[in-house]
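Enquirer: Pasting a structure here, questions to come.
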Amino acid sequence: MNDETLSYYRDQAETFVLDTQAVDMAPLYAHFLPRLHANARILDAGCGSGRDARAFAESGFQVTAFDASPAMAAVAEAHSGAPVAVLRFQEIAWREAFDGIWACASLLHVPTAELPDVMRRLGRALKPGGILYASFKYGRGEQVRNGRHFTDLDEAGLADLLDQVGLFVEVESWVTSDRRPGRESERWLNSVLRLEDDA
(Lines give C-alpha, C1' and ligand atoms only; values in the text may rest on other atoms or scores of the structure.)
Protein backbone atom coordinates (compact mmCIF):
# COMPACT_ATOMS: atom_id res chain seq x y z
CA MET A 1 0.00 0.00 0.00
CA ASN A 2 1.61 3.25 -1.10
CA ASP A 3 1.55 6.50 0.87
CA GLU A 4 -1.32 7.96 -1.16
CA THR A 5 -3.48 4.90 -0.51
CA LEU A 6 -2.59 4.94 3.18
CA SER A 7 -3.63 8.60 3.32
CA TYR A 8 -6.97 7.71 1.75
CA TYR A 9 -7.71 5.12 4.43
CA ARG A 10 -6.57 7.50 7.17
CA ASP A 11 -8.91 10.22 5.95
CA GLN A 12 -11.81 8.00 4.86
CA ALA A 13 -11.75 5.30 7.56
CA GLU A 14 -15.19 6.16 8.95
CA THR A 15 -16.82 6.32 5.50
CA PHE A 16 -15.15 3.08 4.41
CA VAL A 17 -16.44 1.28 7.49
CA LEU A 18 -19.98 2.53 6.91
CA ASP A 19 -19.80 1.31 3.30
CA THR A 20 -18.40 -2.15 4.01
CA GLN A 21 -19.01 -3.35 7.55
CA ALA A 22 -22.62 -4.50 7.09
CA VAL A 23 -22.13 -6.16 3.67
CA ASP A 24 -23.35 -9.78 3.62
CA MET A 25 -20.25 -11.82 2.81
CA ALA A 26 -21.78 -15.26 3.39
CA PRO A 27 -21.78 -16.18 -0.33
CA LEU A 28 -18.01 -15.63 -0.45
CA TYR A 29 -17.34 -17.32 2.89
CA ALA A 30 -19.09 -20.40 1.44
CA HIS A 31 -16.22 -20.88 -1.01
CA PHE A 32 -13.55 -20.60 1.70
CA LEU A 33 -14.60 -21.76 5.16
CA PRO A 34 -15.84 -25.28 4.23
CA ARG A 35 -12.33 -26.05 2.98
CA LEU A 36 -10.92 -25.52 6.50
CA HIS A 37 -11.17 -27.80 9.51
CA ALA A 38 -12.86 -26.77 12.75
CA ASN A 39 -10.69 -24.40 14.82
CA ALA A 40 -8.43 -23.74 11.83
CA ARG A 41 -6.05 -20.79 12.00
CA ILE A 42 -6.98 -18.00 9.60
CA LEU A 43 -4.96 -14.93 8.67
CA ASP A 44 -7.20 -12.01 7.69
CA ALA A 45 -4.68 -10.22 5.48
CA GLY A 46 -5.58 -6.58 4.97
CA CYS A 47 -8.58 -6.85 7.25
CA GLY A 48 -10.10 -3.40 6.66
CA SER A 49 -12.98 -2.81 9.06
CA GLY A 50 -12.52 -6.15 10.84
CA ARG A 51 -15.84 -7.44 9.53
CA ASP A 52 -14.48 -10.78 8.33
CA ALA A 53 -12.08 -11.32 11.23
CA ARG A 54 -15.00 -10.97 13.61
CA ALA A 55 -17.21 -13.31 11.56
CA PHE A 56 -14.50 -15.97 11.43
CA ALA A 57 -13.86 -15.75 15.18
CA GLU A 58 -17.58 -16.01 15.89
CA SER A 59 -17.61 -19.18 13.76
CA GLY A 60 -14.98 -20.77 16.00
CA PHE A 61 -11.83 -20.17 13.99
CA GLN A 62 -8.55 -18.86 15.40
CA VAL A 63 -7.98 -15.51 13.71
CA THR A 64 -4.94 -13.30 13.27
CA ALA A 65 -5.54 -9.99 11.50
CA PHE A 66 -3.47 -7.16 10.11
CA ASP A 67 -3.88 -4.05 7.98
CA ALA A 68 -1.34 -1.65 6.52
CA SER A 69 -3.40 1.37 7.58
CA PRO A 70 -3.04 2.33 11.26
CA ALA A 71 -6.47 3.99 11.11
CA MET A 72 -8.15 0.87 9.72
CA ALA A 73 -6.28 -1.40 12.15
CA ALA A 74 -7.64 0.65 15.06
CA VAL A 75 -11.18 0.42 13.69
CA ALA A 76 -10.83 -3.32 13.08
CA GLU A 77 -9.50 -3.89 16.59
CA ALA A 78 -12.47 -2.09 18.09
CA HIS A 79 -14.96 -3.98 15.90
CA SER A 80 -13.45 -7.44 16.23
CA GLY A 81 -12.42 -7.20 19.88
CA ALA A 82 -9.04 -8.72 19.04
CA PRO A 83 -5.57 -7.29 18.40
CA VAL A 84 -4.90 -6.13 14.85
CA ALA A 85 -1.30 -5.63 13.74
CA VAL A 86 -0.20 -2.75 11.52
CA LEU A 87 1.69 -4.53 8.77
CA ARG A 88 2.23 -4.40 5.00
CA PHE A 89 2.03 -7.47 2.82
CA GLN A 90 5.69 -6.94 1.93
CA GLU A 91 6.59 -7.42 5.62
CA ILE A 92 4.88 -10.79 6.16
CA ALA A 93 7.34 -13.25 7.71
CA TRP A 94 5.19 -16.08 9.13
CA ARG A 95 6.22 -19.67 8.34
CA GLU A 96 3.65 -22.48 8.05
CA ALA A 97 1.44 -20.72 10.60
CA PHE A 98 -2.02 -20.71 9.00
CA ASP A 99 -4.51 -23.16 7.54
CA GLY A 100 -6.17 -20.41 5.52
CA ILE A 101 -5.48 -16.86 4.42
CA TRP A 102 -8.32 -14.47 3.58
CA ALA A 103 -7.18 -11.58 1.36
CA CYS A 104 -10.48 -9.96 0.44
CA ALA A 105 -10.06 -6.75 -1.61
CA SER A 106 -6.61 -6.19 -0.12
CA LEU A 107 -3.95 -7.67 -2.41
CA LEU A 108 -5.31 -5.31 -5.07
CA HIS A 109 -3.36 -2.48 -3.43
CA VAL A 110 -0.02 -4.27 -4.01
CA PRO A 111 1.81 -3.01 -7.14
CA THR A 112 1.98 -5.54 -9.97
CA ALA A 113 5.77 -5.81 -9.77
CA GLU A 114 5.60 -6.71 -6.06
CA LEU A 115 2.74 -9.23 -6.26
CA PRO A 116 4.87 -12.34 -6.99
CA ASP A 117 7.03 -11.77 -3.89
CA VAL A 118 3.96 -11.04 -1.77
CA MET A 119 2.28 -14.23 -3.00
CA ARG A 120 5.40 -16.22 -2.08
CA ARG A 121 5.30 -14.67 1.39
CA LEU A 122 1.67 -15.74 1.73
CA GLY A 123 2.63 -19.22 0.55
CA ARG A 124 5.34 -19.47 3.21
CA ALA A 125 2.83 -18.35 5.84
CA LEU A 126 0.46 -21.23 4.95
CA LYS A 127 0.75 -24.78 6.13
CA PRO A 128 1.17 -27.36 3.32
CA GLY A 129 -2.14 -27.70 1.52
CA GLY A 130 -3.38 -24.42 3.01
CA ILE A 131 -6.06 -22.33 1.33
CA LEU A 132 -5.82 -18.73 0.10
CA TYR A 133 -8.83 -16.64 -0.94
CA ALA A 134 -8.05 -13.46 -2.87
CA SER A 135 -10.15 -10.94 -4.77
CA PHE A 136 -9.25 -8.23 -7.26
CA LYS A 137 -11.21 -5.69 -9.23
CA TYR A 138 -11.77 -7.30 -12.61
CA GLY A 139 -9.50 -6.03 -15.38
CA ARG A 140 -5.86 -5.63 -16.37
CA GLY A 141 -3.14 -3.20 -15.33
CA GLU A 142 -2.63 -0.67 -12.57
CA GLN A 143 -4.98 2.24 -11.92
CA VAL A 144 -5.42 5.11 -9.48
CA ARG A 145 -9.06 5.56 -8.49
CA ASN A 146 -10.18 8.23 -6.02
CA GLY A 147 -6.71 8.49 -4.52
CA ARG A 148 -6.06 4.75 -4.19
CA HIS A 149 -3.72 2.52 -6.19
CA PHE A 150 -5.25 -0.65 -7.64
CA THR A 151 -3.79 -3.66 -9.41
CA ASP A 152 -6.61 -5.20 -11.45
CA LEU A 153 -6.61 -8.85 -12.56
CA ASP A 154 -8.65 -10.99 -14.91
CA GLU A 155 -8.37 -14.76 -15.43
CA ALA A 156 -5.37 -14.47 -17.73
CA GLY A 157 -3.60 -12.08 -15.38
CA LEU A 158 -4.18 -14.44 -12.47
CA ALA A 159 -2.84 -17.38 -14.49
CA ASP A 160 0.30 -15.37 -15.32
CA LEU A 161 0.78 -14.48 -11.65
CA LEU A 162 0.39 -18.09 -10.50
CA ASP A 163 2.91 -19.21 -13.14
CA GLN A 164 5.43 -16.69 -11.81
CA VAL A 165 4.89 -17.72 -8.20
CA GLY A 166 4.85 -21.47 -8.77
CA LEU A 167 3.37 -22.39 -5.36
CA PHE A 168 -0.40 -22.52 -5.75
CA VAL A 169 -2.99 -24.65 -7.49
CA GLU A 170 -6.10 -22.80 -8.63
CA VAL A 171 -9.08 -24.52 -7.00
CA GLU A 172 -11.73 -22.21 -8.45
CA SER A 173 -12.15 -18.69 -9.77
CA TRP A 174 -15.34 -16.78 -10.48
CA VAL A 175 -16.54 -13.25 -11.23
CA THR A 176 -19.05 -11.45 -9.03
CA SER A 177 -20.72 -8.07 -8.84
CA ASP A 178 -19.83 -5.72 -6.01
CA ARG A 179 -21.91 -6.60 -2.95
CA ARG A 180 -22.32 -2.97 -1.84
CA PRO A 181 -25.63 -1.27 -2.69
CA GLY A 182 -25.39 0.98 -5.71
CA ARG A 183 -22.13 -0.54 -6.95
CA GLU A 184 -23.48 -3.70 -8.53
CA SER A 185 -21.98 -2.74 -11.91
CA GLU A 186 -18.43 -3.16 -10.55
CA ARG A 187 -16.99 -6.62 -11.14
CA TRP A 188 -14.60 -8.66 -9.02
CA LEU A 189 -12.37 -11.64 -9.75
CA ASN A 190 -12.51 -14.08 -6.84
CA SER A 191 -10.11 -16.99 -6.51
CA VAL A 192 -9.54 -19.87 -4.12
CA LEU A 193 -6.01 -21.24 -4.29
CA ARG A 194 -4.39 -24.19 -2.56
CA LEU A 195 -0.74 -24.29 -1.57
CA GLU A 196 0.87 -27.33 -3.10
CA ASP A 197 1.83 -29.88 -0.46
CA ASP A 198 5.45 -29.95 -1.57
CA ALA A 199 5.79 -26.17 -1.99
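Enquirer: Name the pairs whose Cβ atoms lie under 7 Å apart, with the first residue in the range 131-148 and in contact (Cβ under 8 Å) with a residue 12 or more places away in the chain, the second among the aliphatic types (A, V, I, L, M) and open to solvent by 30 Å² or more (accessible area, probe 1.4 Å), and 6 or more positions between them or separate chains?
Expert: Once the first residue is in contact (Cβ under 8 Å) with a residue 12 or more places away in the chain and sits in the range 131-148, its partners that are among the aliphatic types (A, V, I, L, M) and open to solvent by 30 Å² or more (accessible area, probe 1.4 Å) give Ser135/Ala105; Tyr138/Val175.
Enquirer: Restricting attention to strands (runs of 3 or more DSSP E) lying wholly within the range 13-117, give those where 1 or more residues are in contact with a strand residue (DSSP E or B) (Cβ under 6 Å, 6 or more places away or on another chain) and of a type in the set (S, T, N, Q). Quick ask: steps written out before the conclusion?
Expert: Working: elements: 41-45, 62-67, 84-86, 98-103.
Here the list reads 62-67.
Enquirer: Could you list all residues from the range 27-81 that are at positive phi and open to solvent by 40 Å² or more (accessible area, probe 1.4 Å)?
Expert: Passing the criteria: Asn39, Gly81.
Enquirer: Is at least one residue of the range 15-25 modelled with pLDDT of 95 or more, surrounded by 15 or more Cβ atoms within 10 Å (Cβ to Cβ), among the aliphatic types (A, V, I, L, M) and more than 14 Å from the chain's Cα centre (by Cα)?
Expert: No; the residues of the range 15-25 include none that is modelled with pLDDT of 95 or more, surrounded by 15 or more Cβ atoms within 10 Å (Cβ to Cβ), among the aliphatic types (A, V, I, L, M) and more than 14 Å from the chain's Cα centre (by Cα).
Enquirer: Right, another one. Please work out which residue is nearest to the chain's Cα centre (by Cα), limiting yourself to the range 82-106 and to residues that are crowded, with 22+ Cβ neighbours inside 10 Å and closer than 28 Å to Glu196 by Cα.
Expert: Here the answer is Ala103.
Enquirer: So Arg124 clears everything in (1) within 23 Å of Val23 (Cα to Cα); (2) part of a helix (DSSP H, G or I); (3) open to solvent by 20 Å² or more (accessible area, probe 1.4 Å) except one condition, right? Which one?
Expert: The one condition Arg124 does not meet is (1).
The values are calculated or read from the model by the stated rules, or taken from the named source; none is laboratory data. Everything quoted here is computed from the prediction, not taken from an experiment. Please note: Cβ atoms are built from the backbone with ideal geometry, for glycine as well, and neighbour counts cover all protein chains shown. These area figures cover heavy atoms from the full protein model, side chains too; ligands, DNA and RNA do not enter into them. Shrake-Rupley method; radii C 1.70, N 1.55, O 1.52, S 1.80 Å.
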